[in-house]
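Below is one structure, written out as structure tokens; comments come after it.
Please treat every number below as a calculation from the coordinates, not as lab data. This one's a predicted model, so the numbers in the text were calculated from it and none came from an experiment. Cβ atoms come from the backbone with ideal geometry, glycine included; neighbour counts cover every protein chain shown.
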Amino acid sequence: MIKLKHEYNKNTDKSIIPVHERGEMSRRKLVEAGLRIYSEVGYQSASTRRLAADAGVNIAAIPYYFGSKEGLYHAVLDFIVEFYHVQLDEELDRIKTALNDPRTTSEQYLDLLDGYMRALVNFILREGAERAQISRIYIREQLDPTSGFTRLYHGFIKEMREIHEALIANILGRDAHDLEVKLLSQTLIGQMTIFKSSQVTVLKHLEWEQYGEERVSSIERVVSMNVRALMQAYQTKGNEL
């Protein structure tokens, strides 16, 4: 779960905890409760009474700290954005450095794309209750977007897609704004995200109970082979023009 800046023992007398620390704990408890409940029932069906009860705070804490139920939901989405950056910023920084270096070769870009796709497979399919909650909220926003979708899009989705397109464009010697490059990027990402968005079907069909490290490695290997084969096919096509 979310790590608290200040550890809190339930048996501790609240009166000895500074007011600002109690406020921070209440905020974090509400975000944790929001992550659980919004992932279970969605934004519209989550009641402020249930959110407050699950967090163990007074219902007045929601408007006090977040303005409204929507404000709390936006705070949960901001946490998801932060989670993404904590997990993938190191990989993204390495790619950005290469994109800004004119000496980077097409083969090096292909290796970076391959590494990026492998990192995304592991990020998306790694097990854990918190990751499952994040995935459910993300998928809900894809199927039935709320006012908070733009926070996710501008928080990390847009950058993720643009970096992906830039890698493909440099491998193929094309413009990153080229429609075919953008469609190719969506296709490559789609072969990976299907394992999360259709997880129940995939597990049922493959007769697996869960993914696990070994099976994620198998998926990662197949995705990598597809990326390299498709890039090679497009390079060959370009050379024949």
Residue-by-residue Karplus 3J(HN,Hα) for the stretch 57-67, coefficients 6.51, -1.76, 1.60, Hz, glycine and proline x
10, 5, 4, 5, 5, 5, x, 5, 8, 10, x
Rounded to the nearest 500, what is the chain's calculated 222 nm mean residue ellipticity when only DSSP H runs of at least 4 contribute -39500 (n - 2.57) each, over all residues?
-25000 deg cm²/dmol
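Under the classification rounded if a/c is under 1.5, otherwise prolate if a/b is larger than b/c and oblate if not, where does the stretch 126-213 fall, given a ≥ b ≥ c as square roots of the Cα gyration tensor eigenvalues?
Numbers: a/c = 2.45, a/b = 1.46, b/c = 1.68.
Verdict is oblate for the stretch 126-213.
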Run the dipole for the chain about the Cα centre, Lys and Arg Cβ at +1, Asp and Glu Cβ at -1, nothing else charged, and hand back the magnitude in debye, nearest 20.
800 debye
Pulled fully out, how much extra length does the chain show between SER217 and ASP78, if you take 0.36 nm times their separation in residues and subtract their Cα-Cα distance?
47.1 nm
Please give the helix 212-240 orientation as an angle from the longest Cα principal axis of the chain, in degrees from 0 to 90, rounded to the nearest 10.
40 degrees
Cα centroid of the stretch 56-92 to Cα centroid of the stretch 161-192, whole Å:
31 Å
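How high is the relative contact order of the chain, in percent, with contacts defined as C-alpha pairs under 8 Å that are six or more residues apart? Before the final figure, lay out the partial values.
Numbers: 178 pairs, mean separation 49.6, N = 241.
That works out to 21 percent.
Does the stretch 34-134 come out rounded, prolate or oblate by the C-alpha gyration tensor, with a ≥ b ≥ c the root eigenvalues, rounded set by a/c under 1.5 and, if not, prolate when a/b is larger than b/c and oblate if not? List each step's numbers first, then the result.
Values: a/c = 4.45, a/b = 2.67, b/c = 1.67.
It comes out prolate by the Cα gyration axes.
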So, how do all the Cα-to-Cα distances of the chain break down into 5 Å bins, in percent, from 0 on up?
1, 6, 12, 14, 15, 13, 12, 10, 7, 5, 3, 1, 1, 0, 0, 0
Residue-ordered couplings for the stretch 185-191, obtained by feeding phi - 60° into the Karplus form 6.51 cos²θ - 1.76 cosθ + 1.60 and rounding to whole Hz (Gly and Pro as x), are 4, 4, 5, 5, 5, x, 5
Expected vector for the stretch 29-36, Karplus 3J(HN,Hα) from phi with 6.51, -1.76, 1.60 and θ = phi - 60°, integer Hz, x for Gly and Pro, equals 4, 5, 5, 4, 5, x, 4, 5
